[in-house]
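Derivation of every value follows stated rules applied to the coordinates shown; laboratory data play no part. Since the model is a prediction, treat every value here as computed from it, not as a measurement.
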Amino acid sequence: MMGWGQWWRGVGAAGNPGLVRVLVTIGCLLGPGSASAEAETAGQATYGAQCAMCHGELGKGDGPAAAMLNPKPKDLSAPDFWTGRTEESVAEIVRQGKAGSAMMGYQSVLTAEQIRDVVTYLRSLARP
Ligand code: HEC
């Protein structure tokens, strides 16, 4: 298990510790029963800092860096993106990266919890 200090450094590397702290606080104020909303909010913050430049804020593949990429990021928010995929299989791609593309592995950048939360956020994007 990773210590909190290490966790916060990870969040710091994600770019915006202040924002994450505010979002986590809001999540806590919502009280019990909102654990998944909390995960989604934390995941959104990580996604915004680490993923949106390529994948776009809403996962459409239209981030500012996307035009330079080949292959380009696909639409992660399309409902059929999840056809044949599970949260675990998507988390595995985030951990390991995708060979032959600009998608690197985030295993050493993000904690297991951050990766899980980011996948929870991706799942929310595809909700019809
Ligand atoms: C440097 C640009 C870049 C960044 C940053 C980036 N990705 Fe990607 N990602 C790509 C590209 C290019 C692909 C390959 C094309 C595709 O499959 O969409 C990809 C693929 C993926 C896929 C696999 C889609 C499939 O085929 O199943 C997932 C999931 C994903 N990225 C999530 C993330 C998450 C989460 C982050 C942030 C932690 C992230 N990406 C950061 C460029 C990026």
- Query: Could you give me the ³J(HN,Hα) list for region 50-63, computed from phi with Karplus coefficients 6.51, -1.76, 1.60 and θ = phi - 60°, whole Hz, x at Gly and Pro?
  - Reply: 10, 10, 5, 4, 9, 7, x, 3, 10, x, 6, x, 10, x
- Karplus couplings for region 88-99 from phi (6.51 cos²θ - 1.76 cosθ + 1.60, θ = phi - 60°), rounded to Hz, Gly and Pro as x? 5, 5, 6, 4, 5, 5, 5, 5, 9, x, 10, 4
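Whole number please: convex hull volume per residue of the Cα set in region 78-128, in Å³?
Working: hull volume 4.1 nm³, N = 51.
Once divided by residue count, the hull of region 78-128 is 80 Å³.
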- Report the full-extension gain for the segment Met104 to Arg85: residue separation times 0.36 nm, less the Cα-Cα distance, to one decimal in nm. 4.9 nm
